[in-house]
Amino acid sequence: MELTITKIIQETSKISRFFFKNQDSDTIQFEAGQFIMLKHPNWLDSADSRSYSLANENTFTNELEICVVLNEIGVFTPWLFSLKVGDTIQASEPVGSFIFREEEHAGPEVFICTGTGIAPFRSMITKALKLNREVHLVFGNRYINDVPYIEYWFELAQKNASFHYYPVFSREEFAQNKGYVHPVYESILQGQSDPRIYVCGWQEMCIEARERLKKMGFNRRQYFFEQYN
Ligand SMILES: Cc1cc2nc3c(=O)[nH]c(=O)nc-3n(C[C@H](O)[C@H](O)[C@H](O)COP(=O)(O)OP(=O)(O)OC[C@H]3O[C@@H](n4cnc5c(N)ncnc54)[C@H](O)[C@@H]3O)c2cc1C
């Protein structure tokens with residue numbers, strides 16, 4: 001599909017939110033957690049693309065949103081960040097199997113991410129809360145100024161008693177949870193017999209989380225991963 005940029009919001013010093021309209025259709029529907037693949041105009045090989053999770057709250061929309069961190073030495077993001085409202089870009093339809101599982105189960109929904117790994121959780125958490133699930137979000141960043149959607153998560157925690165937000169900071173001096181996300185979700189999951197656990201973000205965090213969740217006795221029916229590289 002061909003997307004036109006409708007809005008760009010600089011969310012943090014390195015992260016921007018890009019909004020798009022689909023040229024071919026007024027509305028777009030996707031499964032909570034899916035991503036689209038974007039293409040640089042110079043890339044001729046049909047396999048060349050970069051993937052971005054859809055960051056919309058709602059899965060039926062007339063404007064897609066992605067949340068992207070600039071990698072100054074990267075191939076694609078410097079180009080993406082040079083685009084302006086009105087520019088167009090080629091994209092795939094929404095794809096991916098890292099989606100919210102609606103089936104009933106005994107425990108809470110636990111979402112674990114770092115940085116822009118938060119993107120797919122916006123629609124997944126919206127869906128989980130609509131189904132009256134107990135939701136825990138463990139969200140790691142270096143500093144408070146690095147957190148995308150920071151007010152959104154604090155407000156949601158105030159509005160909805162079923163939503164529990166655990167900000168974690170690896171470098172913020174006076175953080176309540178200082179360090180990495182791992183001990184925080186381990187303490188939430190202690191004693192839980194049948195949670196659903198979603199992990200999203202960069203490789204290192206995902207690999208360590210997988211090891212720790214396995215060690216805690218959880219299995220592949222209970223945890224799901226989306227690795228960003
Ligand atoms: C399913 C999925 C969903 C994703 N969703 C998101 C999302 O929502 N938001 C988001 O921000 N990202 C997301 N990503 C990651 C995204 O697809 C890209 O990988 C990312 O934006 C980097 O693209 P790039 O072309 O700028 O960097 P690339 O050029 O691909 O660089 C990738 C890596 O190589 C290193 N590198 C590149 N060039 C050099 C060099 N010359 N010397 C040394 N090291 C180098 C970079 O430091 C980086 O670690 C997702 C990935 C997947 C698989």
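Of the residues Glu11, Glu93, Glu208, the one that moves most in a GNM of the chain with alpha-carbon contacts below 10 Å is Glu208. Build a GNM of the chain with springs between Cα atoms under 10 Å apart, and of Phe174, Phe60, Phe20 the one that fluctuates most is Phe174.
Remark: the chain carries a charge dipole of roughly 440 debye about the Cα centre, counting +1 on each Lys and Arg Cβ and -1 on each Asp and Glu Cβ. Please compute P(r) over all alpha-carbon pairs of the stretch 1-158, binned at 10 Å starting from zero, and give each bin as a whole-number percent. So the P(r) values, bin by bin, are 10, 39, 36, 14, 2.
The value given for the stretch 109-227 is a Kirkwood hydrodynamic radius of 14.4 Å, derived from the mean inverse Cα-Cα separation.
Within the listed set Val147, Val75, Val95, the Gaussian network model of the chain (springs between alpha-carbon atoms below 10 Å) gives the highest mean-square fluctuation for Val75. Charge dipole (Cα centre; +1 on Lys/Arg Cβ, -1 on Asp/Glu Cβ; no other charges) of the stretch 2-91 amounts to roughly 260 debye. Using the alpha carbons alone, the radius of gyration of the stretch 2-91 stands to its Kirkwood radius in an Rg to Rh ratio of 0.93.
Among the trypsin sites (Lys or Arg not before Pro) in the stretch 29-86, those located in a DSSP loop and surrounded by at most 13 other Cβ atoms within 10 Å of their own Cβ are Lys84.
Cut-off is 10 Å between beta-carbons; in what order do Thr116, Thr4 appear when sorted fewest neighbours first? Provide the component values of the computation, followed by the final result.
Numbers: Thr116 24, Thr4 14.
Least crowded to most crowded, the residues run Thr4, Thr116.
Rounded to the nearest 10 degrees, the inclination of helix 119-130 to the longest alpha-carbon principal axis of the chain is 60 degrees.
Bridge orientation summary for the chain: considering DSSP beta bridges with both residues in this region, about 50 percent are antiparallel. The alpha carbon centroids of the stretch 52-84 and the stretch 5-38 are separated by 6 Å.
Throughout, read-outs are computed from the coordinates displayed, never taken from laboratory work. The model shown is predicted, which means the values in this text are computed figures rather than measured ones. A quick note on method: Cβ atoms are made from the backbone with ideal geometry, for glycine too, and the neighbour counts reach across all protein chains shown.
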